[in-house]
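Here is the structure we will look at.
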Ligand SMILES: Nc1ncnc2c1ncn2[C@@H]1O[C@H](COP(=O)(O)OP(=O)(O)O)[C@@H](O)[C@H]1O
Ligand SMILES: [Mg+2]
């Protein structure tokens, strides 16, 4: 049982850099929580405060309900895995994994049991006598995981552990980590800048920007109901399209206008928060929510020039130019489009997002 509460945690480094600003979220027992955000947004700082490697400037950190702000790292029962494996080069795989138990004076038969068990889980049994330099990057990262597992910590922390692996190994190790989490039934906090890792691995995602938490939600909720333009643009690939529009109300109908199109929105529940006095708003539409409208009598359809077609095999990513707006659409592989020609497209109105152009917060 291990539950972590982060309450208004703030980190101000010597020199005045405020790397984390009053961050709050909870990690439930056995939960896999991913902190995601661009480089430099304060993810490592937050993780290092949880680990006890960095002091807390303000706020509270609770593990199983107990405040641990001042508890030394070694007494927190937390294991951390880093991007650069940090293995001892002169020690064998076995001794690397046994190291933390040895310095804690565990009996050697207990150490043997734990190391062999971890090696079996990680498929490292046949490499136990090798030195790190005789291993691949993926195997080294597994040894680093093994070192954490043998300690049977309350909480596992991971700081971009897959960043040094090539694309194929990264995907493979990602799947192994998901299985490992299920097998160990442990509480895990995982840091990455990669939204795909966040979406595929997390029970719950914490999106961070400039040291501030933007949204905390399960992957699908984050995708469907982003709270602001940053989250909307950060989660999902290809990214959501944003178009600046003017909002007006004519004959009790809401109209969205740009130079090249006019969308008529039915006044239903979804749009009830759209205040026509706002005038300037940002429309967000995901590439998969754009369809070809040729031949369909659709008054919300618009013309756009096909600029680039990226063939993916099972689908195409199409760059469209609509007025001065570059838009990406995700269409069937056999979409009959020609580069340089204009075609008609339409947005799935039920899937449109709307953001305040000043605050960038969602209007839905
Ligand atoms: N020891 C430090 N002293 C001063 N500033 C730091 C220190 N470590 C990190 N920072 C700054 O804090 C911010 C967040 O860094 P970091 O937590 O490493 O971000 P991330 O892990 O998301 O890339 C950055 O602006 C970084 O330059
Ligand atoms: Mg970092």
Practice item. Being in the same structural domain as residue 188 (by TED's automatic domain parsing), modelled with pLDDT of 95 or more and in contact with a strand residue (DSSP E or B) (Cβ under 6 Å, 6 or more places away or on another chain) narrows it down to one of 93, 36, 81, 115, so name that one. Key: 36
**Study point:** Test for residue 59: is it surrounded by 14 or more Cβ atoms within 10 Å (Cβ to Cβ) and more than 17 Å from the chain's Cα centre (by Cα)
**Key:** yes
Check your understanding: In this structure, is residue 162 farther than 30 Å from residue 285 by Cα and within 16 Å of ligand 2 (Cβ to nearest atom)?
Key -> yes
Practice item. Working carefully through the options 94, 85, 13, find the one that is surrounded by 18 or more Cβ atoms within 10 Å (Cβ to Cβ) and free of Cβ contacts under 8 Å to residues at least 40 places away in the same chain. Key: 94
Practice item. Among the strands (runs of 3 or more DSSP E) lying completely within region 166-231, list those that include at least 3 residues that are within 16 Å of ligand 2 (Cβ to nearest atom). Key: 187-192, 204-209
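Residues are listed down the side, and each one gets a yes or a no for (1) away from ligand 1 (no atom under 16 Å from the Cβ); (2) under 18 Å from residue 218 (Cα atoms); (3) at pLDDT below 90:
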{"residue": "165", "(1), (2), (3)": "yes, no, yes"}
{"residue": "185", "(1), (2), (3)": "yes, no, no"}
{"residue": "189", "(1), (2), (3)": "no, yes, no"}
{"residue": "198", "(1), (2), (3)": "no, yes, no"}
**Study point:** Single unsatisfied condition, residue 57 versus (1) at pLDDT 95 or above; (2) away from ligand 1 (no atom under 15 Å from the Cβ)
**Key:** (2)
Check your understanding: What are the residues in region 334-364 that are buried (at least 16 other Cβ atoms within 10 Å of the Cβ) and in a strand (DSSP E or B), if any?
Key -> 343, 345, 346, 347, 353, 354, 355, 356, 362
Check your understanding: Of the residues in region 17-33, how many are surrounded by 14 or more Cβ atoms within 10 Å (Cβ to Cβ) and within 12 Å of ligand 1 (Cβ to nearest atom)?
Key -> 5
Check your understanding: Do the conditions hold for residue 14, that is, is it out of contact with any strand residue (DSSP E or B) (no Cβ under 9 Å at 6 or more places or on another chain) and within 12 Å of ligand 1 (Cβ to nearest atom)?
Key -> yes
Check your understanding: How many of the residues in region 1-51 are part of a strand (DSSP E or B), farther than 15 Å from residue 188 by Cβ and in contact with a helix residue (DSSP H, G or I) (Cβ under 8 Å, 6 or more places away or on another chain)?
Key -> 5
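The values are calculated or read from the model by the stated rules, or taken from the named source; none is laboratory data. Everything numeric here is computed off the predicted structure, so don't read it as measured data. Every residue, glycine as well, gets a Cβ built from its backbone with ideal geometry; the counts of neighbours run over all protein chains shown.
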